Amino acid sequence: MNNDLSGQSMRRSLLLILPFLLVACNFETIAAPAAVLPLPSLPPTFTFSPVPPTPTLTPSQTKTPSPSETQIVTATDTGTATVTFREIPAQMPNLYPHVFPVQPADLAGFSEGGHAYPATDIFAPPGAQFVAVTNGTVDEVTYLDQWNPVTNDNATAGGLSVRIIGDDGVRYYGAHLSKIAPGIRSGVWVPAGQVLGLVGNTGNARDSATHVHFEITSPAPPFSKVDPFPYLTAWLKDHNVTPALPIP
């Protein structure tokens, strides 16, 4: 009987101290809180300009035309473009005014060559005006287009045309006009810029774009021809240049 009482007493003692043992065991198994680590730093912020930087320009070593030169661009058979420079005739004393023969001049286009003899085709839209290059007297006028493609007569190839002899002693000729201006007839004196007719494609140019076939010649036989290209280039730039005629 005493043994039973001793066993019961031990069991009661264990039941009383068991909660404290469990709590002690839990404290031992709880890990220490982890150390707080600093947040990683953010990458720096970049600001981009919406306007790209202005490039530094290096002066070109390519020759550019001076006021006394005109630039001519040509292409070879290989497709390589070459640039040459041609001297514009020296400007004469301003005795006679000279203007570009097609107006408005900014609608006109022309190039060097294109004929077996000195002449220049000045292309411009229909309605553009062919005007007197300088003060002068109307020499010849052709009012009717009589060119026949069958006979191909060179005498009528120009279609409607006007010739004037300038006060500067030079004869100017414009052909393939679509209309002759009213009042333009032989013997009439006209000032520089006077409308002589309208750009067209009469004569043997009937299948071509509208243009003026322009020639500069001496005023009397043999009517020696002068290349118009350098003078047209000069007049287009408002340089008052008188064509230099060949010395007979």
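Structure data summary
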item: Nearest-0.05 FRET efficiency for Tyr117 and His239, computed from C-beta distance (R0 35 Å); result: 0.90
item: Amide hydrogen neighbours beyond the local backbone of Gly197, cut-off 5 Å, H modeled; result: Phe130, Ala181
item: Built amide H within the under 5 Å cut-off of Asn135, gap 5+; result: Asp167, Ala192
item: Protection proxy ranking, peptides 133-145, 115-127, average beta carbon neighbours within 10 Å, highest first; result: 133-145, 115-127
item: Whole-Hz couplings from phi, Karplus 6.51/-1.76/1.60, listed for the range 117-124; x for Gly and Pro; result: 9, x, 6, 9, 8, 9, 8, 7
item: Spin-label proximity, Thr137 to the range 191-211 - amide N less than 17 Å from point 7 Å beyond Cα toward beta carbon; result: 191-192
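Bear in mind that the values in this text are calculations on the coordinates, not laboratory data. Since the structure is predicted, the reported quantities are computational estimates derived from the model, not experimental observations. Every residue, glycine as well, gets a Cβ built from its backbone with ideal geometry; the counts of neighbours run over all protein chains shown.
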